[in-house]
Amino acid sequence: MGYIRAIVPNATRFATVLLVVCVALCHAANAHGQTPGAALQFLPVRDGDCTLRIQVQSDADIRDLTIAIDTMQITARRIVRRGDTARVALLEPVRENEIVSATLPPSSTASTRVLQATEQGGAPITSCVTPTYTDDRGVFEASGYIGTAFDNFAPGEKSYIAPEASPGTHSQFLAGVEAHYRLVGNKGRTFQIWLGTFTLHGVRSGDVDCNATPSLALCQAHPPVQDKFLAIIEHATSIEAYFDTRVEFWTFQKKSEMPIKAYALARFGFTNFTGSPKVANNDALGVGVLSPSGVFRDSTAVVAWGRSEQFASDPGWNRLKISGRLIFDVAPGFKDSLEFWKRLAGSPRAFVQINVDRNPGGGAPDAVITYVGIDFDLRSMFFGFGG
């Protein structure tokens, strides 16, 4: 009995020590990788996660937080704080059994092992970045165009001084240049700000005397496009010039093969005619949509309100301006079969555009102008390089 009594106290002490050891081990397991007293502690991280959640002390500054995976430091897309939790958005998802660590100067560290995903099945996530929509536009776009303008239902006088009782249709050769520069935003992103310039030079067919100047490019059947372009500009009897600021703020059908961008537009410019004593202001504010990629890249539709001072009978801000342009690639087989297309440098594109300039409810004249022509890369045409 004496032997039994001696053993019992020892067994009690052993059980007590074992209990203390178990509690310590459990605590260590729950705080795996955490430095005692650290300002950081990972919440569970699982295979395929694109966001890490890290508990931080209330006075911790997360601006210097760095993340590493298997000791290799990585770049996070974004780090934000919500209460006592920092959320770290990753570029690529973490994988099972990787060791993710965080460091916050001067001495706070934490690490954790990536656990198995809670659900299996489906294709694994390969990127945490949402794919951007297709955008074929470079940071700078420059093009020239030539064609014909049909001035429908407009006053007979090309200076549009007053309405006329018998409007008709007048046509003229046209040529111009258009350039756009992306000032703010990146390619493929929804929000972008563009600055643009646009000129249009017109020569009415009646102003060209081919009997007196048969060698003029405008009088030849198939002149080189460079010669025709320069001839129209040289003999222009009217000119329009604009400066645009375009703010693209929304994308429709972002993941489709043909996304459409919505934008707000501020356009300021002028119109001038041969013999006019001064230029006429031509300004507008409006909204529109455009196609940034694909076969119909740069096609647009715009509704705006502004002024057109060439209509001198009522020159204020009382004009409704509607414009639509369809521009498209020329079918390769059709293009190659015509000598005219072969004379063009670069990749020509055809366009059809209609502009409506109205004075709703007023007595000033209205104008409907249709443009048909081809658009080409100015850099390829004149300087021998493209893209």
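The values are calculated or read from the model by the stated rules, or taken from the named source; none is laboratory data. None of the values given here were measured: they were computed from a predicted structure. For neighbour counting, all protein chains shown are included, and Cβ atoms are generated from backbone atoms with ideal geometry for every residue, glycine included.
Here are the numbers for this structure:
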quantity	calculated
Qualifying residue in the range 223-239 (condition: touching a Ser or Thr at 6+ places or on another chain (Cβ under 8 Å), modelled with pLDDT of 90 or more and crowded, with 17+ Cβ neighbours inside 10 Å)	no
Cβ pairs under 7 Å, 6+ apart, first in the range 360-372 and of a type outside the set (S, T, N, Q), second loosely packed, with under 14 Cβ neighbours inside 10 Å and assigned to a loop (DSSP other than H, G, I, E, B)	none
The range 248-285 - residue that is among the polar types (S, T, N, Q) and under 25 Å from L195 (Cβ atoms) and, of those, modelled with the lowest pLDDT	N272
Of all residues in the range 287-319 being within 28 Å of the chain's Cα centre (by Cα) and of a type in the set (F, W, Y), the one that is farthest from M258 (Cα to Cα)	W305
Test: residue in the range 110-133 that is surrounded by 15 or more Cβ atoms within 10 Å (Cβ to Cβ), at pLDDT 90 or above and touching a Phe, Trp or Tyr at 6+ places or on another chain (Cβ under 7 Å)	yes
Residue match in the range 180-203 (condition: at pLDDT below 55 and crowded, with 16+ Cβ neighbours inside 10 Å)	no
Residues of the range 61-82 satisfying the condition of being among the basic types (K, R), part of a strand (DSSP E or B) and either loosely packed, with under 15 Cβ neighbours inside 10 Å or in contact with a Gly (Cβ under 9 Å, 6 or more places away or on another chain) (or both)	R78, R82
Filter result for A264 (buried (at least 19 other Cβ atoms within 10 Å of the Cβ) and under 30 Å from Y133 (Cα atoms))	no
